[in-house]
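Here is the structure we will look at, set down as structure tokens.
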Amino acid sequence: MNLTRDRRPDAAGPGRPRDPQVDRAVLAATVALLVESGYQKTTIQAIARRAQVSAPAIYRRWATREMIIEDAIFGLQEGQSPALPPSTGDLRADLLTWTRHFLDRTAHPAARSAIPGLLSAYHHHDGIHERLVERAEAPARAALTERIVDAVPTAGARAEATAVIVFDMLVSATMIRGVAHGHEGADEWCEQLADALHAVIDSLQ
């Protein structure tokens with residue numbers, strides 16, 4: 001990965017979009033390039049050519065290539081929280097919805113192309129993974145924790161501790177499954193994972 005080509009050290013980060021059409025064009029171009037050409041070839045220059053915008057226009061919105069790819073594959077936008085499944089009152093059904101929600105994101109062809117490269121970037125460059133955690137993981141973790149605590153109100157601190165484990169299981173299992181197998185056998189697998197997560201929470205009763 002050519003970081004000197006894909007990262008501006010003086011970039012301030014995403015700013016307020018001047019034209020929403022540019023944002024949509026850049027994100028659509030990123031998804032298309034990830035599917036067609038792979039992570040390594042999805043450079044800012046390639047995205048700019050595909051979206052028919054200038055590289056400076058991209059840098060006014062995103063400081064790094066990783067930020068563009070995260071927005072494209074995880075549905076993130078600056079100032080917006082990721083869409084999360086609502087609570088229905090049925091814990092087992094909600095866990096199944098969450099499982100499908102997380103798997104759908106990682107099983108998309110663009111995500112399957114991007115995730116291995118992003119993981120490598122997170123390992124080698126400080127700060128960029130923390131930003132993703134703040135933008136996407138923290139709100140999702142808090143929402144699922146609240147749902148689990150509500151389901152077992154008598155469990156107290158044990159419910160919160162269990163929610164940490166359940167969320168980590170959900171994220172890691174869906175990421176590995178999505179990248180490795182896509183949507184193959186997804187319905188049955190999601191049912192099985194939801195059952196396993198529900199059993200962990202049910203043990204608190």
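The values are calculated or read from the model by the stated rules, or taken from the named source; none is laboratory data. Fair warning: this is a prediction, and the values are worked out from it, not measured in the lab. All Cβ positions, even for glycine, are placed from backbone atoms using ideal geometry, and neighbour counts span all protein chains on display. Heavy atoms of the whole protein, side chains included, go into the accessibility calculation; ligands, DNA and RNA do not. Shrake-Rupley method; radii C 1.70, N 1.55, O 1.52, S 1.80 Å.
Every condition in (1) assigned to a helix (DSSP H, G or I); (2) in contact with a helix residue (DSSP H, G or I) (Cβ under 8 Å, 6 or more places away or on another chain) is met by residue 172 except one, and the failing one is (2).
Considering only region 65-88, state which residues are at pLDDT 85 or above, within 10 Å of residue 136 (Cα to Cα) and not in a helix (DSSP H, G or I). Residues satisfying the conditions do not exist here.
Checking the conditions here, which among 25, 48, 57, 63 is open to solvent by 30 Å² or more (accessible area, probe 1.4 Å) and farther than 19 Å from residue 112 by Cβ?
Values: 48 fails: open to solvent by 30 Å² or more (accessible area, probe 1.4 Å); 57 fails: open to solvent by 30 Å² or more (accessible area, probe 1.4 Å); 63 fails: open to solvent by 30 Å² or more (accessible area, probe 1.4 Å).
Result of the check over 25, 48, 57, 63: 25.
With respect to the conditions (1) within 18 Å of residue 97 (Cα to Cα); (2) outside any helix (DSSP H, G or I); (3) touching a residue at least 40 places away in the same chain (Cβ under 8 Å), residue 204 falls short on a single one, namely (1). Within region 28-45, the set of residues being part of a helix (DSSP H, G or I) and open to solvent by 20 Å² or more (accessible area, probe 1.4 Å) comprises 28, 31, 32, 35, 36, 37, 45.
Of the listed requirements (1) of a type in the set (A, V, I, L, M, F, W, C); (2) over 19 Å from the mean Cα position of the chain (by Cα); (3) closer than 21 Å to residue 132 by Cα; (4) modelled with pLDDT under 95, residue 44 misses just one: (4).
The one condition from (1) in a helix (DSSP H, G or I); (2) at pLDDT below 95 that residue 95 does not meet is (2).
Taking first residues from region 132-147 that are part of a helix (DSSP H, G or I) and partners that are polar (S, T, N, Q), the Cβ contacts under 6 Å between residues at least 6 apart in sequence or on separate chains come to 139/81; 147/87. Scanning region 147-158 for residues that are loosely packed, with under 13 Cβ neighbours inside 10 Å, within 21 Å of residue 88 (Cα to Cα) and either under 15 Å from the mean Cα position of the chain (by Cα) or not β-branched (Val, Ile, Thr) (or both) yields 150, 153.
Has region 131-146 got any residue that is within 21 Å of the chain's Cα centre (by Cα), of a type in the set (Gly, Ala, Ser), modelled with pLDDT of 95 or more and closer than 21 Å to residue 75 by Cβ? No, there is no match, as no residue in region 131-146 is within 21 Å of the chain's Cα centre (by Cα), of a type in the set (Gly, Ala, Ser), modelled with pLDDT of 95 or more and closer than 21 Å to residue 75 by Cβ. Give region 83-105 a look and list any residue that's of a type in the set (Ser, Thr, Tyr) and either open to solvent by 60 Å² or more (accessible area, probe 1.4 Å) or over 17 Å from residue 174 (Cβ atoms) (or both), or say none. Listed by number, the residues that qualify are 87, 88, 97.
Hey, can you tell me all the residues within region 106-140 that are crowded, with 18+ Cβ neighbours inside 10 Å and of a type in the set (D, E, K, R)? Of everything in region 106-140, those that are crowded, with 18+ Cβ neighbours inside 10 Å and of a type in the set (D, E, K, R) turn out to be 112, 135.
Quick one: is residue 113 modelled with pLDDT under 95 and part of a helix (DSSP H, G or I)? Here the answer is no, as residue 113 does not meet what is asked.
Which residues, taken from region 159-187, are among the charged types (D, E, K, R) and either over 16 Å from residue 202 (Cα atoms) or buried (at least 20 other Cβ atoms within 10 Å of the Cβ) (or both)? So that I can check it myself, show each step before the final result.
Filtering region 159-187 for residues among the charged types (D, E, K, R) gives 160, 168, 177, 184, 187.
Scanning region 159-187 gives 168, 177, 184, 187.
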